[in-house]
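The values are calculated or read from the model by the stated rules, or taken from the named source; none is laboratory data. Computed from a predicted structure; not experimentally measured. Because the Cβ atoms are built from the backbone with ideal geometry, glycine has one as well, and the counts that use them run over all protein chains shown. Note: areas computed on protein heavy atoms with side chains; ligands, DNA, RNA excluded. Shrake-Rupley method; radii C 1.70, N 1.55, O 1.52, S 1.80 Å.
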Amino acid sequence: MTDDEKVRWLRRYRDALRLEDELRQELEAQRARACKTTAALTGMPGGGGDGQALPRAVESIIAAQQELQAQINLCGAVRREVVAALDQVADERDHEILRRRYLLGQTYEKIAEKMNYSIRAIIYRHNKAVEMLSLLPYNRL
């Protein structure tokens, strides 16, 4: 794998977390819409719906919950793969840089601040650590 491919592979966890967050927001939006649907069921004469708004809302919430659970499971699996790959890094500082970058999603600036290094040193160490990283057992993108 090239270094760019390794970085793309390592970024999968943060990408999966972003999708998980989007799915959570979508689920909350569907729940909010369902609450509006139930509030509209007052028994007063009014609009001419088919009476299936609530069952449809429940079905969409269940589907969203299942999709979110599948994404949570995927996030866990991807995280375990990334952690296993990062555990190959023997140098504790390099391991910490990669962990902060790919598991915590921190910027180089934040990592440099937290670890008391210059940004230039963090980027250099990051690039060297990625270069030395062997992802042979994980060679799928």
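Phi angles across the stretch 75-89 convert, under the Karplus curve 6.51 cos²θ - 1.76 cosθ + 1.60 with θ = phi - 60°, into 3J(HN,Hα) values of 4, x, 5, 5, 4, 4, 5, 5, 4, 4, 5, 5, 5, 5, 6 Hz, Gly and Pro given as x.
Run the accessible area of the chain with a 1.4 Å probe and give the carbon-and-sulfur part as a rounded percent. Mind showing how you got there, number by number?
Working: 4750 of 9170 Å².
Summing carbon and sulfur atoms, their accessible area is 52 percent of the total for the chain.
Taking all protein chains as they are arranged and a probe of 1.4 Å, the heavy atoms of residue 128 leave approximately 90 Å² accessible to solvent. Straight-line cross-link reach from residue 110 at under 27 Å between alpha-carbon atoms covers these lysines, not counting any fewer than eight positions away in the same chain: 6, 128. Across the stretch 103-110, coupling constants 3J(HN,Hα) worked out from phi with the 6.51/-1.76/1.60 Karplus curve, θ = phi - 60°, read 9, 9, x, 7, 6, 4, 4, 5 Hz, and Gly and Pro carry x. Sequentially through the stretch 120-134, phi angles give Karplus couplings (6.51, -1.76, 1.60; θ = phi - 60°) of 4, 5, 5, 4, 4, 5, 4, 4, 5, 5, 5, 4, 7, 5, 10 Hz, Gly and Pro residues having no value and appearing as x. Mean sequence separation of contacting Cα pairs (under 8 Å, at least six apart), scaled by the length of the chain, corresponds to a relative contact order of 33 percent. Projected over every direction and averaged, the convex hull enclosing the alpha-carbon atoms of the chain yields 11.5 nm². Take the Cα of residue 7, step 7 Å toward its Cβ, do the same at residue 115, and the gap between the two points is 1.5 nm. Taking label points 7 Å from Cα along the Cα-to-Cβ direction, residue 92 and residue 128 give a separation of 1.7 nm. Just to confirm the number: angle between the C-alpha axis of helix 12-39 and the first principal axis of the chain, 0 to 90 degrees, nearest 10? That helix lies at roughly 10 degrees to the long axis.
For the pair residue 33 and residue 52 in one chain, pulling the backbone fully straight at 0.36 nm per residue adds 5.4 nm over the alpha carbon distance. Distant-in-sequence amide contacts of residue 11, defined by a placed amide H-H separation under 5 Å and a gap of 5 or more residues or a different chain, comprise nothing.
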